[in-house]
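Here the structure is laid out as structure tokens; the discussion comes afterwards.
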Amino acid sequence: MRTRVAEEITTVTGLSDPDYGVLSRLVDLGDGELRQNKLAASMGWHRSRLSHQLTRMEQRGLVTRADADGGVLVTITPTGREQIDKARPVHARAVRRSLSAHVPLEDFARVLMVLEALTAP
């Protein structure tokens with residue numbers, strides 16, 4: 001299911017699955033900015049993997065990085081914000097469509113409630 005959702009986001013917005021993950025965490029966990037080590041931890045990624053991903057995203061104008069108090073602050077750019085705002089409805093539709101293909105209609109509302117509870121801050 002995740003692969004199908006990621007492919008749809010990429011087709012519609014050009015964002016890769018890792019791009020979407022980084023941008024959504026910046027918005028959801030940090031109101032647009034997070035320290036790089038916290039971002040890596042939230043994604044379960046090694047720092048070097050995130051660093052490479054952020055370099056690619058910086059080159060495309062999606063994020064910026066700046067030194068901050070002995071660490072690095074990652075900030076979403078206006079372009080990154082525009083892209084994540086465009087991708088979120090695509091993500092939601094793709095997830096619903098993928099779930100509805102595998103979950104009986106009478107159970108669908110209950111599954112959505114569980115998923116919302118799991119993603120609540």
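Derivation of every value follows stated rules applied to the coordinates shown; laboratory data play no part. What you see is a predicted model; the values in this text were computed from it and never measured. As a convention, Cβ positions derive from the backbone with ideal geometry for all residues, glycine included, and neighbour counts pool all protein chains shown.
The calculated FRET efficiency for the pair Glu58 and Leu118, based on their C-beta separation and a Förster distance of 35 Å, comes to about 0.65. Put simply, the amide H of Val72, placed in the peptide plane, has neighbours under 5 Å in Gln36, Asn37, leaving out anything fewer than 5 places away on its chain.
Using only helices, what value at 222 nm comes out for the chain when you add -39,500 (n - 2.57) per DSSP H run of length 4 or more and divide by the total residues, to the nearest 500 deg cm²/dmol? Helix contribution divided over all residues of the chain: -22500 deg cm²/dmol.
Would you look at the GNM of the chain, springs on alpha carbons closer than 10 Å, and say which of Val63, Val111, Val90 moves the most? It is Val111.
For the chain, the longest principal axis of the C-alpha atoms and the axis of helix 47-59 are separated by about 90°. The string of couplings for region 98-103 from the Karplus curve (6.51, -1.76, 1.60, θ = phi - 60°) is 5, 5, 5, 6, 10, 10 Hz, one whole number per residue in order, with x for Gly and Pro.
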